[in-house]
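First the structure, in the form of structure tokens, and then the observations on it.
The numbers here are math on the coordinates, done by the rules we state, and not lab data. On a predicted model such as this, the values are computed, not experimentally measured, just so you know. Cβ coordinates were reconstructed from backbone atoms using ideal geometry, including for glycine residues, and neighbour counts include every protein chain displayed.
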Amino acid sequence: MPKVELKPCFLTPNRVQVEYPLFVYLPGLDGTGELLRSQTAGLEVGFDVRCLAIPRQDLTTWDELSNNVLDLIHAELEKSSQRPVYLCGESFGGCLAMKVATQAPQLFKRIILVNPASAFQLRPWLSWTSQFTSLVPECFYDLGALGLLPFLASLARIPRNVRHELLKTMRSVPPDTLTWRLSLLKEFSVTEAQLRQLTQAVLLIVAASDRLLPSLNEAKRLLSILPNPKMAVLPDSGHACLLEHNINLYKILLDQNFVEHQIKASQELEAKGSTSQ
């Protein structure tokens, strides 16, 4: 796993495609960006992909994180300023995506929110237990990560090697950092007036079998506020749905007519699928 020590940065995949729309992925509570790997190849059919990586010791505020993300995006656009930007946030990253988008709503062509953790406040027990995370000894912290795994993911739908990677990534976050990020979720707030400024299309991707957060209820709330929303429900998926073997984020975007140059992208995806068979 790459070391990210000083400030947030973008992880760049092997294929840099500045002629394609920029796809910016903001990760969950782990902050590594590494767990998008199972989706990257599919997304690269139609996007130039960047994954945010947040330092393991990062204890910055929502505003500081948002400004860092915007600085990184502007730096990317200096290479090709005319291309559209797709912003995608998952879980914790969904909250960060809302903060970023409401700071610069004109910057983004499309916004994708995957099980946004703005639903955190609807789970009082999570908010209560987060206060004691820093008091747990490190030896029990690893066991706690293992115990949380069935709530975080539908394990039967995730390949074994990806399950191991998920657990390893969860354990990589220091207790103090986890406590801080949970405190950010506890205080997270975006007003309805701010959300109504997001007039571009927003796609809510929701796991109906999420055992960690009431993601479906939160998506319905956002659906009633956002000016131009769409919702894709994954009926059997858990919170970490993008790790599941039968979930293809790029295909979901195509199915929802959420990709520019739709016909060309669909043909490329079909060609890629037939080549791999």
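Between Met231 and Glu19, the contour length at 0.36 nm per residue exceeds the Cα-Cα span by 73.5 nm. For the residue pairs Lys79/Lys251; Lys186/Lys251; Lys168/Lys230, the C-alpha atoms sit more than 29 angstrom apart in Lys186/Lys251; Lys168/Lys230. Separation of region 202-223 and region 151-197, taken as the distance between their Cα centroids, equals 14 angstrom. Note on Lys109: aspartates and glutamates with a C-alpha under 13 Å away, same-chain residues under 8 apart excluded, are Glu260.
Look at Glu34, Glu244, Glu19, Glu64 and count the other Cβ atoms within 10 Å of each Cβ; fewest to most, that gives Glu19, Glu64, Glu34, Glu244. Of the residues Phe258, Phe23, the one with the fewest other Cβ atoms within 10 Å heads the list, and the complete ranking is Phe258, Phe23.
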